[in-house]
Amino acid sequence: MAVLDKYLPALAVQPLTTLLETYHVHLKIVNERATRHGDYRPLPDGSHRITINSNLNPYRFLVTLVHEIAHLVAFKKYGYRIKPHGIEWKMTFQKLMLPFLRPEVFPTDLLPVMARHFKNPRASSDTDSVMSVALRSYDPPSDKIYIFELERGALFKAMKGRTFKRGNKLRKRYQCVEVATGKMYLFQPNVQVQLYKPV
């Protein structure tokens, strides 16, 4: 799969190509989706489809692709009744990621963050704010800012251009009110948003 050269760290291309071929995976690289980085689906003909967002940096692309392959491998090994992000998936994800957790694949500043995350991987790398911020440091520059960097009371755009006002920090998340409706929402600290600039 020569196409993977464009998306993955060089030393990850061959082992992941082998995994995709072994499990008969149709890999589809798609435009950015706001709610997910990738997903996995079994197909009626017995093959499998994985979709990954095209805008991910190589390290997030690698983590996302292995995350989705882990779903496939865990379901094949333990059956389709297991929880999608339960203990069987976590063990499978850890095992599949282990060969990649080395300085030839990941930058040395990411390795301790990855090692901590993979002691107990979460359903999404975005819910681990330390890992999310570390991975995003390898994204191209953008005009977005993290919620945790905003001052209380600051206005920002999120969720398809809706305007919110940053409120108090609760235990882990930030309480924000949608300006148009007065409705309250909770945001993870590592969500990237755009500062509101009045016209």
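The values are calculated or read from the model by the stated rules, or taken from the named source; none is laboratory data. Note that the coordinates shown come from a computational prediction; the quantities given were computed from them, not determined experimentally. All Cβ positions, even for glycine, are placed from backbone atoms using ideal geometry, and neighbour counts span all protein chains on display.
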Pick from the range 106-164 the residues that are closer than 17 Å to residue 56 by Cα and of a type in the set (Phe, Trp, Tyr): which of them is farthest from the chain's Cα centre (by Cα)? 106
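Yes or no, residue by residue, for (1) loosely packed, with under 12 Cβ neighbours inside 10 Å; (2) farther than 23 Å from residue 139 by Cβ; (3) outside the structural domain of residue 130 (by TED's automatic domain parsing); (4) of a type in the set (A, V, I, L, M):
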residue	(1), (2), (3), (4)
36	no, no, no, no
43	yes, yes, no, yes
63	no, no, no, yes
79	yes, yes, no, no
92	no, yes, no, no
99	no, yes, no, no
Please verify whether residue 135 is surrounded by fewer than 17 Cβ atoms within 10 Å (Cβ to Cβ), out of contact with any strand residue (DSSP E or B) (no Cβ under 8 Å at 6 or more places or on another chain) and of a type outside the set (Lys, Arg), treating the condition exactly as stated. no
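Which residues, counting only those in the range 16-34, are in a loop (DSSP other than H, G, I, E, B) and surrounded by 12 or more Cβ atoms within 10 Å (Cβ to Cβ)?
Passing the criteria: 23, 24.
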Return a yes/no flag: does the range 49-64 have any residue that is in a helix (DSSP H, G or I), farther than 22 Å from residue 135 by Cβ and either free of Cβ contacts under 8 Å to residues at least 60 places away in the same chain or of a type in the set (Phe, Trp, Tyr) (or both). no
Return the residue satisfying two criteria in turn: it lies in the range 170-185 and is within 17 Å of residue 145 (Cα to Cα) and over 19 Å from the mean Cα position of the chain (by Cα), and of such residues it is surrounded by the most Cβ atoms within 10 Å (Cβ to Cβ). 176
Any residue in the range 1-15 that is in the same structural domain as residue 27 (by TED's automatic domain parsing) and in a helix (DSSP H, G or I) sitting within a Cβ distance under 7 Å of a residue that is among the charged types (D, E, K, R) and loosely packed, with under 13 Cβ neighbours inside 10 Å? List the pairs, counting only those 6 or more apart or interchain. 11/104; 13/5
Okay, helices (runs of 4 or more DSSP H) sitting entirely in the range 87-195 with 3 or more residues that are in contact (Cβ under 8 Å) with a residue 40 or more places away in the chain and not aliphatic (A, V, I, L, M), I get 129-136
